[in-house]
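The next block holds one structure in the form of C-alpha coordinates; read it before the comments.
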Amino acid sequence: MGHKVRLSRCRAMMPKEAFHRELRACLSREMRVVFFLNAASTGKVALVTGGSKGIGAGIVRRLASDGASVAFTFSGSEERALKLVHEVESGGGKALAMKADSASAEELRAAVTKTAEIFGPLDIFVSNAGILTRGTIDTYSLEDFDRMVAINVRAAFIGIQAAAKEMKNSGRIVLIGSNTAIRTAFPGESIYSMTKAALTGLVRGAAIDLAPRAITVNNVQPGPTATDMSAPHADMVKTLIPLKRIGDVSEIAGLVSDLASEEAGFITGASLTIDGGYVA
Ligand SMILES: NC(=O)c1ccc[n+]([C@@H]2O[C@H](COP(=O)([O-])OP(=O)(O)OC[C@H]3O[C@@H](n4cnc5c(N)ncnc54)[C@H](OP(=O)(O)O)[C@@H]3O)[C@@H](O)[C@H]2O)c1
(Lines give C-alpha, C1' and ligand atoms only; values in the text may rest on other atoms or scores of the structure.)
Protein backbone atom coordinates (compact mmCIF):
# COMPACT_ATOMS: atom_id res chain seq x y z
CA MET A 1 0.00 0.00 0.00
CA GLY A 2 2.87 2.34 0.81
CA HIS A 3 4.23 1.99 -2.72
CA LYS A 4 0.80 2.70 -4.21
CA VAL A 5 0.39 5.95 -2.26
CA ARG A 6 3.88 7.18 -3.21
CA LEU A 7 3.31 6.32 -6.89
CA SER A 8 -0.04 8.15 -7.03
CA ARG A 9 1.62 11.27 -5.56
CA CYS A 10 4.45 11.01 -8.08
CA ARG A 11 1.97 10.64 -10.93
CA ALA A 12 0.03 13.73 -9.91
CA MET A 13 3.20 15.81 -10.04
CA MET A 14 4.54 15.08 -13.52
CA PRO A 15 3.33 14.45 -17.10
CA LYS A 16 2.36 10.83 -17.84
CA GLU A 17 5.24 10.12 -20.27
CA ALA A 18 7.88 11.50 -17.90
CA PHE A 19 6.32 9.54 -15.05
CA HIS A 20 6.53 6.27 -16.99
CA ARG A 21 10.17 6.92 -17.97
CA GLU A 22 11.07 7.73 -14.39
CA LEU A 23 9.39 4.56 -13.15
CA ARG A 24 11.18 2.26 -15.58
CA ALA A 25 14.50 3.81 -14.68
CA CYS A 26 14.31 3.71 -10.92
CA LEU A 27 11.75 1.24 -9.60
CA SER A 28 12.45 -2.26 -8.39
CA ARG A 29 10.58 -5.10 -10.11
CA GLU A 30 8.25 -5.44 -7.13
CA MET A 31 7.31 -1.77 -7.29
CA ARG A 32 6.79 -1.92 -11.07
CA VAL A 33 4.32 -4.77 -10.58
CA VAL A 34 2.38 -2.61 -8.09
CA PHE A 35 2.34 0.21 -10.67
CA PHE A 36 0.98 -2.11 -13.38
CA LEU A 37 -1.83 -3.17 -11.03
CA ASN A 38 -2.75 0.52 -10.68
CA ALA A 39 -2.44 1.55 -14.32
CA ALA A 40 -5.23 2.78 -16.64
CA SER A 41 -5.39 -0.26 -18.94
CA THR A 42 -5.06 -2.95 -16.27
CA GLY A 43 -6.74 -6.14 -17.44
CA LYS A 44 -7.11 -4.93 -21.03
CA VAL A 45 -5.98 -7.03 -23.98
CA ALA A 46 -4.19 -5.45 -26.93
CA LEU A 47 -2.82 -6.69 -30.26
CA VAL A 48 -0.28 -4.65 -32.24
CA THR A 49 0.78 -5.73 -35.74
CA GLY A 50 4.46 -5.18 -36.55
CA GLY A 51 5.33 -4.69 -32.90
CA SER A 52 8.91 -5.93 -32.78
CA LYS A 53 10.68 -2.64 -33.56
CA GLY A 54 10.18 1.01 -34.40
CA ILE A 55 6.82 2.65 -33.78
CA GLY A 56 5.12 -0.72 -33.15
CA ALA A 57 7.61 -1.61 -30.40
CA GLY A 58 7.02 1.82 -28.85
CA ILE A 59 3.27 1.10 -28.84
CA VAL A 60 3.81 -2.35 -27.30
CA ARG A 61 5.95 -0.83 -24.51
CA ARG A 62 3.46 1.96 -23.88
CA LEU A 63 0.31 -0.20 -23.79
CA ALA A 64 2.12 -2.67 -21.51
CA SER A 65 3.14 0.15 -19.19
CA ASP A 66 -0.52 1.27 -19.27
CA GLY A 67 -1.28 -2.18 -17.81
CA ALA A 68 -2.56 -4.09 -20.87
CA SER A 69 -1.55 -7.63 -21.84
CA VAL A 70 0.00 -6.99 -25.24
CA ALA A 71 0.29 -9.45 -28.12
CA PHE A 72 2.21 -8.40 -31.20
CA THR A 73 3.17 -9.76 -34.62
CA PHE A 74 6.43 -9.62 -36.53
CA SER A 75 7.67 -11.10 -39.80
CA GLY A 76 11.45 -10.99 -39.45
CA SER A 77 13.71 -11.55 -36.45
CA GLU A 78 12.26 -13.83 -33.77
CA GLU A 79 15.19 -12.99 -31.50
CA ARG A 80 14.32 -9.27 -31.54
CA ALA A 81 10.65 -10.04 -30.85
CA LEU A 82 11.47 -12.33 -27.90
CA LYS A 83 13.81 -9.68 -26.48
CA LEU A 84 10.88 -7.26 -26.34
CA VAL A 85 8.67 -9.90 -24.69
CA HIS A 86 11.37 -10.40 -22.06
CA GLU A 87 11.70 -6.63 -21.52
CA VAL A 88 7.94 -6.23 -20.97
CA GLU A 89 7.77 -9.27 -18.67
CA SER A 90 10.74 -8.15 -16.60
CA GLY A 91 8.87 -4.87 -16.05
CA GLY A 92 5.90 -6.78 -14.62
CA GLY A 93 3.80 -6.80 -17.82
CA LYS A 94 2.47 -9.52 -20.12
CA ALA A 95 3.50 -9.84 -23.78
CA LEU A 96 3.16 -12.41 -26.54
CA ALA A 97 5.10 -12.40 -29.84
CA MET A 98 3.66 -14.14 -32.91
CA LYS A 99 5.30 -14.57 -36.30
CA ALA A 100 2.63 -13.52 -38.81
CA ASP A 101 3.18 -11.88 -42.18
CA SER A 102 0.56 -9.14 -42.62
CA ALA A 103 0.51 -9.94 -46.34
CA SER A 104 -1.11 -13.27 -45.45
CA ALA A 105 -4.79 -13.11 -44.47
CA GLU A 106 -4.53 -16.57 -42.84
CA GLU A 107 -1.53 -15.67 -40.67
CA LEU A 108 -3.02 -12.35 -39.58
CA ARG A 109 -6.39 -13.89 -38.73
CA ALA A 110 -4.64 -16.69 -36.82
CA ALA A 111 -2.71 -14.09 -34.78
CA VAL A 112 -5.97 -12.38 -33.79
CA THR A 113 -7.53 -15.72 -32.80
CA LYS A 114 -4.44 -16.76 -30.81
CA THR A 115 -4.41 -13.46 -28.93
CA ALA A 116 -8.02 -13.99 -27.84
CA GLU A 117 -7.36 -17.63 -26.90
CA ILE A 118 -4.35 -16.77 -24.74
CA PHE A 119 -5.23 -13.35 -23.28
CA GLY A 120 -9.03 -13.20 -23.74
CA PRO A 121 -11.30 -10.93 -25.85
CA LEU A 122 -9.56 -7.90 -27.36
CA ASP A 123 -9.99 -4.36 -26.04
CA ILE A 124 -7.42 -2.72 -28.35
CA PHE A 125 -6.22 -3.50 -31.89
CA VAL A 126 -3.44 -1.48 -33.50
CA SER A 127 -2.72 -2.05 -37.21
CA ASN A 128 0.83 -0.74 -37.38
CA ALA A 129 2.85 -3.05 -39.68
CA GLY A 130 3.74 -1.19 -42.83
CA ILE A 131 6.45 -1.01 -45.46
CA LEU A 132 7.85 1.76 -47.61
CA THR A 133 9.20 0.67 -50.98
CA ARG A 134 10.25 3.72 -52.94
CA GLY A 135 10.19 4.15 -56.72
CA THR A 136 8.96 6.70 -59.22
CA ILE A 137 5.63 6.09 -60.92
CA ASP A 138 7.12 5.52 -64.38
CA THR A 139 9.12 2.45 -63.34
CA TYR A 140 7.34 1.15 -60.23
CA SER A 141 6.88 -2.62 -60.46
CA LEU A 142 3.52 -4.33 -60.13
CA GLU A 143 5.03 -6.76 -57.58
CA ASP A 144 6.10 -3.89 -55.29
CA PHE A 145 2.72 -2.22 -55.77
CA ASP A 146 0.82 -5.39 -54.82
CA ARG A 147 3.01 -6.11 -51.78
CA MET A 148 2.75 -2.58 -50.39
CA VAL A 149 -1.03 -2.53 -50.91
CA ALA A 150 -1.28 -5.97 -49.26
CA ILE A 151 0.66 -4.95 -46.14
CA ASN A 152 -0.34 -1.29 -45.79
CA VAL A 153 -4.02 -1.47 -46.80
CA ARG A 154 -5.40 -5.00 -47.20
CA ALA A 155 -3.96 -6.07 -43.84
CA ALA A 156 -5.65 -3.11 -42.13
CA PHE A 157 -9.00 -4.26 -43.53
CA ILE A 158 -8.36 -7.91 -42.59
CA GLY A 159 -7.14 -6.88 -39.14
CA ILE A 160 -10.15 -4.66 -38.43
CA GLN A 161 -12.54 -7.40 -39.55
CA ALA A 162 -10.84 -10.19 -37.57
CA ALA A 163 -10.22 -8.04 -34.47
CA ALA A 164 -13.80 -6.73 -34.39
CA LYS A 165 -15.05 -10.35 -34.21
CA GLU A 166 -12.88 -11.02 -31.14
CA MET A 167 -13.38 -7.60 -29.56
CA LYS A 168 -15.52 -6.52 -26.64
CA ASN A 169 -18.04 -3.75 -27.23
CA SER A 170 -16.46 -0.30 -26.61
CA GLY A 171 -13.15 -1.58 -27.97
CA ARG A 172 -10.54 0.60 -29.67
CA ILE A 173 -9.06 0.17 -33.14
CA VAL A 174 -6.16 2.36 -34.24
CA LEU A 175 -4.45 2.31 -37.64
CA ILE A 176 -1.00 3.76 -38.21
CA GLY A 177 -1.16 5.82 -41.38
CA SER A 178 1.21 8.61 -42.36
CA ASN A 179 1.16 12.35 -42.96
CA THR A 180 2.09 11.44 -46.56
CA ALA A 181 -1.66 10.89 -46.94
CA ILE A 182 -1.82 14.71 -46.88
CA ARG A 183 1.50 15.77 -48.39
CA THR A 184 3.76 13.48 -50.42
CA ALA A 185 6.58 16.03 -50.82
CA PHE A 186 9.26 13.77 -52.35
CA PRO A 187 9.67 11.81 -55.58
CA GLY A 188 9.27 8.05 -55.37
CA GLU A 189 6.55 7.96 -52.70
CA SER A 190 3.35 7.99 -54.76
CA ILE A 191 2.30 4.40 -54.01
CA TYR A 192 3.18 4.65 -50.30
CA SER A 193 1.17 7.90 -50.07
CA MET A 194 -1.71 6.24 -51.88
CA THR A 195 -1.77 3.36 -49.37
CA LYS A 196 -1.79 5.76 -46.42
CA ALA A 197 -4.49 7.96 -48.01
CA ALA A 198 -6.63 4.81 -48.41
CA LEU A 199 -6.60 4.36 -44.62
CA THR A 200 -8.34 7.71 -44.10
CA GLY A 201 -11.35 6.43 -46.03
CA LEU A 202 -11.21 3.03 -44.36
CA VAL A 203 -11.41 4.44 -40.82
CA ARG A 204 -14.33 6.70 -41.69
CA GLY A 205 -16.45 3.82 -42.99
CA ALA A 206 -15.30 1.33 -40.35
CA ALA A 207 -16.10 3.85 -37.60
CA ILE A 208 -19.68 4.13 -38.85
CA ASP A 209 -20.05 0.36 -39.28
CA LEU A 210 -18.75 -0.45 -35.78
CA ALA A 211 -20.47 2.47 -34.00
CA PRO A 212 -23.46 0.32 -32.95
CA ARG A 213 -20.99 -1.62 -30.75
CA ALA A 214 -19.31 1.60 -29.53
CA ILE A 215 -16.02 0.40 -31.03
CA THR A 216 -13.99 3.41 -32.14
CA VAL A 217 -11.77 3.33 -35.25
CA ASN A 218 -9.11 6.00 -35.76
CA ASN A 219 -6.00 6.61 -37.84
CA VAL A 220 -2.78 8.09 -36.43
CA GLN A 221 -0.70 9.85 -39.11
CA PRO A 222 2.91 10.27 -37.98
CA GLY A 223 5.37 12.46 -39.78
CA PRO A 224 9.04 11.43 -39.92
CA THR A 225 9.74 9.46 -36.75
CA ALA A 226 13.06 8.01 -35.57
CA THR A 227 13.00 4.39 -36.78
CA ASP A 228 14.85 2.27 -39.35
CA MET A 229 12.26 3.32 -41.95
CA SER A 230 13.04 7.04 -41.67
CA ALA A 231 16.79 6.73 -40.96
CA PRO A 232 18.01 7.27 -44.56
CA HIS A 233 16.42 10.74 -44.84
CA ALA A 234 16.08 11.84 -41.18
CA ASP A 235 18.73 14.60 -41.27
CA MET A 236 17.42 16.15 -44.46
CA VAL A 237 13.74 16.04 -43.54
CA LYS A 238 14.04 17.59 -40.09
CA THR A 239 15.08 20.90 -41.64
CA LEU A 240 11.60 21.01 -43.25
CA ILE A 241 9.72 20.46 -39.99
CA PRO A 242 8.70 23.61 -38.05
CA LEU A 243 9.80 21.99 -34.74
CA LYS A 244 13.18 21.21 -36.39
CA ARG A 245 13.28 17.60 -35.27
CA ILE A 246 11.73 14.29 -36.19
CA GLY A 247 9.32 12.51 -33.86
CA ASP A 248 10.15 9.99 -31.17
CA VAL A 249 8.33 6.64 -31.15
CA SER A 250 7.15 7.35 -27.59
CA GLU A 251 5.27 10.41 -28.89
CA ILE A 252 3.37 8.33 -31.46
CA ALA A 253 2.76 5.64 -28.83
CA GLY A 254 1.42 8.30 -26.45
CA LEU A 255 -1.23 9.35 -28.97
CA VAL A 256 -2.20 5.70 -29.55
CA SER A 257 -2.48 5.20 -25.79
CA ASP A 258 -4.75 8.25 -25.54
CA LEU A 259 -6.98 6.97 -28.36
CA ALA A 260 -7.11 3.56 -26.63
CA SER A 261 -8.27 5.09 -23.36
CA GLU A 262 -11.83 5.17 -22.06
CA GLU A 263 -11.83 8.98 -22.22
CA ALA A 264 -11.42 8.81 -26.02
CA GLY A 265 -14.76 7.07 -26.53
CA PHE A 266 -16.23 9.97 -28.56
CA ILE A 267 -13.33 10.15 -31.07
CA THR A 268 -14.02 7.92 -34.06
CA GLY A 269 -13.47 7.99 -37.81
CA ALA A 270 -10.68 10.53 -37.30
CA SER A 271 -7.26 10.80 -38.92
CA LEU A 272 -4.97 12.59 -36.49
CA THR A 273 -1.65 13.96 -37.72
CA ILE A 274 1.36 14.02 -35.41
CA ASP A 275 4.31 15.52 -37.30
CA GLY A 276 5.81 18.57 -35.61
CA GLY A 277 3.79 20.85 -37.89
CA TYR A 278 5.20 19.43 -41.13
CA VAL A 279 1.90 19.62 -43.04
CA ALA A 280 0.58 22.64 -41.14
N1 LIG B 1 9.07 5.97 -39.28
C2 LIG B 1 8.40 6.93 -39.85
O3 LIG B 1 8.95 8.01 -40.12
C4 LIG B 1 6.95 6.74 -40.19
C5 LIG B 1 6.22 7.87 -40.57
C6 LIG B 1 4.88 7.74 -40.87
C7 LIG B 1 4.27 6.50 -40.77
N8 LIG B 1 4.99 5.42 -40.42
C9 LIG B 1 4.28 4.14 -40.36
O10 LIG B 1 4.45 3.58 -39.07
C11 LIG B 1 4.40 2.16 -39.15
C12 LIG B 1 5.64 1.58 -38.49
O13 LIG B 1 6.78 2.08 -39.19
P14 LIG B 1 8.24 2.03 -38.54
O15 LIG B 1 8.94 3.26 -38.98
O16 LIG B 1 8.17 1.69 -37.11
O17 LIG B 1 8.86 0.81 -39.40
P18 LIG B 1 10.00 -0.22 -39.01
O19 LIG B 1 10.97 0.37 -38.06
O20 LIG B 1 10.46 -0.71 -40.33
O21 LIG B 1 9.19 -1.36 -38.26
C22 LIG B 1 8.19 -2.06 -38.93
C23 LIG B 1 7.59 -3.11 -38.03
O24 LIG B 1 6.61 -3.82 -38.78
C25 LIG B 1 7.00 -5.19 -38.88
N26 LIG B 1 6.65 -5.66 -40.21
C27 LIG B 1 7.14 -5.24 -41.41
N28 LIG B 1 6.57 -5.92 -42.40
C29 LIG B 1 5.71 -6.80 -41.81
C30 LIG B 1 4.84 -7.79 -42.30
N31 LIG B 1 4.74 -8.06 -43.62
N32 LIG B 1 4.12 -8.49 -41.42
C33 LIG B 1 4.22 -8.27 -40.09
N34 LIG B 1 5.03 -7.35 -39.56
C35 LIG B 1 5.78 -6.64 -40.42
C36 LIG B 1 8.49 -5.21 -38.60
O37 LIG B 1 8.87 -6.45 -38.04
P38 LIG B 1 9.89 -7.42 -38.80
O39 LIG B 1 11.10 -6.60 -39.14
O40 LIG B 1 10.12 -8.51 -37.87
O41 LIG B 1 9.13 -7.84 -40.01
C42 LIG B 1 8.59 -4.11 -37.55
O43 LIG B 1 8.22 -4.59 -36.28
C44 LIG B 1 4.27 1.82 -40.65
O45 LIG B 1 2.93 1.59 -40.95
C46 LIG B 1 4.78 3.08 -41.32
O47 LIG B 1 4.24 3.23 -42.61
C48 LIG B 1 6.32 5.51 -40.13
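The values are calculated or read from the model by the stated rules, or taken from the named source; none is laboratory data. Predicted model, so just to flag it, every value in this text is computed and none were measured. Using ideal geometry, Cβ is built from the backbone for each residue, glycine included, and neighbour counts are taken over all protein chains shown.
When region 89-142 is examined, which residues are found to be within 16 Å of the ligand (Cβ to nearest atom), part of a loop (DSSP other than H, G, I, E, B) and over 20 Å from Arg62 (Cβ atoms)?
Answer for region 89-142, where residues must be within 16 Å of the ligand (Cβ to nearest atom), part of a loop (DSSP other than H, G, I, E, B) and over 20 Å from Arg62 (Cβ atoms): Ala100, Asp101, Ser102, Ala103, Ser104, Ile131, Leu132, Thr133, Arg134, Gly135.
Quick check: is even one residue across region 250-261 in contact with a Pro (Cβ under 6 Å, 6 or more places away or on another chain), crowded, with 18+ Cβ neighbours inside 10 Å and assigned by TED's automatic domain parsing to the domain that holds Ala156? Outline the logic, then answer.
Here is the first cut: in region 250-261, the ones in contact with a Pro (Cβ under 6 Å, 6 or more places away or on another chain) are 252.
If we keep only those that are crowded, with 18+ Cβ neighbours inside 10 Å too, we end up with 252.
Of the ones still in play, those that are also assigned by TED's automatic domain parsing to the domain that holds Ala156 are 252.
Yes, region 250-261 has at least one match.
Residue by residue through region 35-61, note down the ones that are modelled with pLDDT under 95, of a type in the set (S, T, N, Q) and part of a loop (DSSP other than H, G, I, E, B).
Filtering region 35-61 for residues modelled with pLDDT under 95 gives 35-43.
Filter once more, so that each one left must be of a type in the set (S, T, N, Q): 38, 41-42.
Within region 35-61, Ser41, Thr42 meet the criteria.
Please verify whether Ser141 is farther than 21 Å from Ala95 by Cβ and among the hydroxyl-bearing types (Ser, Thr, Tyr), treating the condition exactly as stated. Show your work before the answer.
Working: farther than 21 Å from Ala95 by Cβ: yes; among the hydroxyl-bearing types (Ser, Thr, Tyr): yes.
So Ser141 passes the test.
Of all residues in region 143-179, how many are without any contact (Cβ under 8 Å) to a residue 24 or more places away in the chain and part of a strand (DSSP E or B)?
Residues flagged as without any contact (Cβ under 8 Å) to a residue 24 or more places away in the chain and part of a strand (DSSP E or B) within region 143-179 amount to 0.
Considering only residues that are surrounded by fewer than 22 Cβ atoms within 10 Å (Cβ to Cβ), of a type outside the set (A, V, I, L, M, F, W, C) and under 19 Å from the mean Cα position of the chain (by Cα), which ones fall in region 140-167?
Arg154, Gln161, Glu166
Scanning for something surrounded by 17 or more Cβ atoms within 10 Å (Cβ to Cβ), more than 15 Å from the ligand (Cβ to nearest atom) and under 16 Å from the mean Cα position of the chain (by Cα), does region 69-79 turn up at least one residue? Lay out the reasoning, then the answer.
Here is the first cut: in region 69-79, the ones surrounded by 17 or more Cβ atoms within 10 Å (Cβ to Cβ) are 69-75.
From the residues that got through so far, the ones that are more than 15 Å from the ligand (Cβ to nearest atom) too are 69.
From the residues that got through so far, the ones that are under 16 Å from the mean Cα position of the chain (by Cα) too are 69.
Yes, there is a match, as at least one residue in region 69-79 is surrounded by 17 or more Cβ atoms within 10 Å (Cβ to Cβ), more than 15 Å from the ligand (Cβ to nearest atom) and under 16 Å from the mean Cα position of the chain (by Cα).
For every residue, the table says whether it meets (1) touching a strand residue (DSSP E or B) at 6+ places or on another chain (Cβ under 6 Å); (2) among the aliphatic types (A, V, I, L, M); (3) at pLDDT 95 or above.
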{"residue": "Gly188", "(1), (2), (3)": "no, no, yes"}
{"residue": "Tyr192", "(1), (2), (3)": "no, no, yes"}
{"residue": "Thr216", "(1), (2), (3)": "yes, no, yes"}
{"residue": "Val220", "(1), (2), (3)": "yes, yes, yes"}
{"residue": "Ala234", "(1), (2), (3)": "no, yes, no"}
{"residue": "Pro242", "(1), (2), (3)": "no, no, yes"}
{"residue": "Leu255", "(1), (2), (3)": "yes, yes, yes"}
{"residue": "Asp258", "(1), (2), (3)": "no, no, yes"}
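Determine whether region 122-130 contains at least one residue that is surrounded by fewer than 20 Cβ atoms within 10 Å (Cβ to Cβ) and not β-branched (Val, Ile, Thr).
Going residue by residue through region 122-130, those that are surrounded by fewer than 20 Cβ atoms within 10 Å (Cβ to Cβ) are none.
Within region 122-130 (the criterion being surrounded by fewer than 20 Cβ atoms within 10 Å (Cβ to Cβ) and not β-branched (Val, Ile, Thr)), the answer is no, since none of the residues qualifies.
Among the residues of region 222-242, which ones are assigned to a loop (DSSP other than H, G, I, E, B), of a type in the set (Val, Ile, Thr) and within 8 Å of the ligand (Cβ to nearest atom)? Don't jump to the end; show me each part of the working.
Filtering region 222-242 for residues assigned to a loop (DSSP other than H, G, I, E, B) gives 223-224, 226-230, 239-242.
The next check asks that each one be of a type in the set (Val, Ile, Thr); those that pass are 227, 239, 241.
Thr227, the sole residue that qualifies.
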